[in-house]
Amino acid sequence: QVQLVESGGGLVQPGGSLRLSCADSGSFFSISTMGWFRQAPGKQRDLVAGITSGGTPTYLGSVEGRFTSSRDNAKNTVYLHMNSLKPEDTAVYYCNRGRYVGGTYYPSDTWGQGTLVTVSA
C-alpha cells in the first residue's frame with residue numbers, strides 16, 4: 001500500500017524559497033508518475049507540477065519559472081523547489097501518484113497529510 005508523507009512547509013516571506021519533500025513508501029516508485037497539488041482555503045485542489053518516471057516535469061502556468069520538481073528514485077522521494085514565493089502560493093501542498101493520459105494528469109486516491117506553506121510578510 002502506498003503511503004505518502006509530505007514535509008518542508010512553513011512560513012516564508014514573499015520572494016523567499018522553500019523545498020518540499022514527499023516520501024513514498026510504496027513499491028514501484030521509480031516507474032510512477034508523481035504530482036504536486038495545492039489547496040488554498042475555500043478553493044479546489046489544483047495540480048501544480050507533475051513529474052514522469054523519467055524525470056520530465058510539467059508545471060501550472062502560474063508557477064512555471066519559479067517552481068522546479070525533481071525526484072530521487074534511490075530515496076523514493078519527490079521534491080518541489082519553490083522560489084520567488086508569492087502570497088498567492090499560500091496553500092496546503094500535497095503529493096500524489098498518478099498518471100498522464102493524453103497530456104492530462106489523473107491523480108490516484110492516495111494522498112498524504114499535506115504540508116502548509118504560508119507566504120506572508
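The values are calculated or read from the model by the stated rules, or taken from the named source; none is laboratory data. Remember, predicted model here, so these are calculated numbers, not experimental data. Cβ: placed from backbone, ideal geometry, glycine included. Neighbour counts: every protein chain shown. Protein only, heavy atoms only, side chains kept; ligands, DNA and RNA dropped before computing areas. Shrake-Rupley method; radii C 1.70, N 1.55, O 1.52, S 1.80 Å.
Taken over segment 87-121, the criterion of being among the small types (Gly, Ala, Ser) and exposed (fewer than 12 other Cβ atoms within 10 Å of the Cβ) is satisfied by 102, 103, 120, 121.
Considering only residues in segment 57-81 that are small (Gly, Ala, Ser) and assigned to a strand (DSSP E or B), the one that is nearest to the chain's Cα centre (by Cα) turns out to be 69. In the set 84, 21, 53, 27, only one residue is out of contact with any Pro (no Cβ under 7 Å at 6 or more places or on another chain), assigned to a loop (DSSP other than H, G, I, E, B), surrounded by fewer than 18 Cβ atoms within 10 Å (Cβ to Cβ) and modelled with pLDDT of 95 or more; that residue is 84. Here residue 41 meets each of (1) touching an Asp or Glu at 6+ places or on another chain (Cβ under 8 Å); (2) surrounded by fewer than 17 Cβ atoms within 10 Å (Cβ to Cβ) with one exception, condition (1). When the residues of segment 56-81 are filtered to those that are open to solvent by 50 Å² or more (accessible area, probe 1.4 Å) and hydroxyl-bearing (Ser, Thr, Tyr), the one that is farthest from residue 24 (Cα to Cα) is 62. Each residue in segment 1-18 was checked for being more than 14 Å from residue 107 (Cα to Cα), of a type outside the set (Asp, Glu), part of a strand (DSSP E or B) and under 15 Å from the mean Cα position of the chain (by Cα), and 4 of them qualify.
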